[in-house]
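The values are calculated or read from the model by the stated rules, or taken from the named source; none is laboratory data. No experiment lies behind these values; they were computed from the predicted model shown. Positions of Cβ are backbone-derived with ideal geometry, glycine not excepted, and every protein chain shown enters the neighbour counts.
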Amino acid sequence: MSLPKIPLAAVIGSPIAHSRSPQIHGHWLKTMSLQGAYIPMDVLPKDLEQVLRTMPKMGFVGANITVPHKEAVMNIVDTVTDRAALIGAVNMLVFCDDGKIFGDNTDGYGFLENLKSGAPNWVPSDGPAAIFGAGGAARAVISSLLDAGVPEIMLSNRTRVRAENLRSVFGARVTVYDWTQAGNMLEDAALLVNTTSLGMSGKSELRVPLDALRAQTVVTDLVYNPLKTKLLETAEGVGCVTVDGLGMLLHQAVPAFERWFGTRPVVDDETRAAALR
Ligand code: ATR
């Protein structure tokens, strides 16, 4: 007698203990009474390929990929979506029935969905977006904003050359500002996004002058620990609509969960609470 197959999924990184993904997926599995399990796996870079090749044989249907593997996994997967290729990173895998590994990046989707639900009156055509930071997270954010139809991206990063690199990837709708001039981007911005790690608990504060921030600018921070960063606090004081970063984490998990477990989950206050437990 063969046992029914229970779909398994994992989040793979190193270290992995801090990941909120097991709480999020676990909450959805439980509240929807679905068969399945989602576990954290600490995998070193040298073991990544072997682990990924073995997982389908153990009943895994997919995995999320996090630091430090998001770029390296591009060399292991058999197919990647165009958006993952453009972003240069993969955050979710599907182990296909034919043995192939499919990779996608849902970070940009998660960012945009979080923004739309937290600032329902914001529309991409409202005007330019100002972005602090030019790391991996910024790539996903810029890609999703340009796709959505934002007319211009003003980009500033401490290490200017990384911002210049993103300009060469994403093209002429991206304008680079020196980090010492980052505050100047705010005069025209309909949207401000912090994609740096500044403001995260245990890290330095973001010190860009915010005097030019206007009440019409929607402000969002990818940092979600703390939920209300100094940037969001200042923006609230100015009268801006603000959106915290936790929702991006929740929304990026939706397409993966649906693909692996067959049901589309909803992101609500209970999901937020589960992620913070
Ligand atoms: P992620 O994938 O989360 O974007 P990352 O690629 O390491 O991570 O990028 C981190 C971002 O935070 C970068 O924009 C980084 O600026 P640099 O490119 O100059 O490193 C920014 N960042 C981190 N610490 C910073 C600091 N003390 N001051 C200014 N920017 C900082």
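In the range 92-115, of all residues being closer than 19 Å to ASN75 by Cα and polar (S, T, N, Q), the one that is surrounded by the most Cβ atoms within 10 Å (Cβ to Cβ) corresponds to ASN105. For the range 27-51, the set of residues classified as part of a helix (DSSP H, G or I) and of a type in the set (Phe, Trp, Tyr) consists of TRP28 only. Within the option set LEU48, LEU86, LEU93, being closer than 25 Å to ASP268 by Cα and among the aliphatic types (A, V, I, L, M) holds for one residue only, LEU93.
Mind listing whichever residues of the range 106-131 are out of contact with any helix residue (DSSP H, G or I) (no Cβ under 7 Å at 6 or more places or on another chain), of a type in the set (A, V, I, L, M) and part of a helix (DSSP H, G or I)?
Matches in the range 106-131: LEU115 only.
For the range 71-95, enumerate the residues that are in a loop (DSSP other than H, G, I, E, B) and either in contact with a strand residue (DSSP E or B) (Cβ under 6 Å, 6 or more places away or on another chain) or in contact (Cβ under 8 Å) with a residue 40 or more places away in the chain (or both). Break it down into steps so the answer makes sense when it comes.
From the range 71-95, those in a loop (DSSP other than H, G, I, E, B) are 71, 76-78, 81, 88-91; that's our starting set.
Within the range 71-95, GLU71, VAL77, ASP78, THR81, GLY88, ALA89, VAL90, ASN91 meet the criteria.
Restricting the range 114-131 to residues that are within 22 Å of SER197 (Cβ to Cβ) and more than 16 Å from the ligand (Cβ to nearest atom), the residue that is farthest from the chain's Cα centre (by Cα) is GLY118.
In the condition set (1) β-branched (Val, Ile, Thr); (2) in contact (Cβ under 8 Å) with a residue 24 or more places away in the chain; (3) over 27 Å from ALA89 (Cα atoms), THR220 is compliant with all but (3).
Residue-by-condition table, conditions (1) surrounded by fewer than 16 Cβ atoms within 10 Å (Cβ to Cβ); (2) of a type in the set (Gly, Ala, Ser):
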| residue | (1), (2) |
| --- | --- |
| GLN181 | yes, no |
| MET185 | no, no |
| VAL193 | no, no |
| SER201 | yes, yes |
| LEU213 | no, no |
| THR220 | no, no |
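Which members of the range 227-268 meet the condition of being surrounded by fewer than 20 Cβ atoms within 10 Å (Cβ to Cβ), in contact with a Ser or Thr (Cβ under 6 Å, 6 or more places away or on another chain) and closer than 30 Å to ALA212 by Cα? If the condition is that a residue be surrounded by fewer than 20 Cβ atoms within 10 Å (Cβ to Cβ), in contact with a Ser or Thr (Cβ under 6 Å, 6 or more places away or on another chain) and closer than 30 Å to ALA212 by Cα, then GLU236 is the only one that fits. Could you please give the count of residues in the range 247-277 that are over 19 Å from ILE39 (Cα atoms) and touching a residue at least 60 places away in the same chain (Cβ under 8 Å)? The number of residues fulfilling the criteria is 4.
Screening MET185 against (1) in a helix (DSSP H, G or I); (2) under 21 Å from LEU112 (Cβ atoms); (3) of a type outside the set (Phe, Trp, Tyr); (4) within 14 Å of the ligand (Cβ to nearest atom) leaves a single unmet condition, (4). The condition of being modelled with pLDDT of 95 or more, closer than 17 Å to LYS116 by Cα and part of a loop (DSSP other than H, G, I, E, B) holds for only one of VAL208, VAL254, VAL266, VAL223, that being VAL266.
Being within 16 Å of VAL243 (Cβ to Cβ) and of a type outside the set (S, T, N, Q) is the filter; apply it to the range 189-205 and report the residue that is farthest from the ligand (Cβ to nearest atom). Walk me through it before giving the result.
Taking the range 189-205 and keeping what is within 16 Å of VAL243 (Cβ to Cβ), we get 189-195, 199.
Subsequent filtering for residues that are of a type outside the set (S, T, N, Q) retains 189-193, 199.
Values: ALA189: 18, ALA190: 21, LEU191: 17, LEU192: 15, VAL193: 11, GLY199: 10 Å.
Out of the qualifying residues, it is ALA190.
Residues in the range 132-181 that are part of a loop (DSSP other than H, G, I, E, B), more than 10 Å from the ligand (Cβ to nearest atom) and among the aliphatic types (A, V, I, L, M): VAL150, ALA172.
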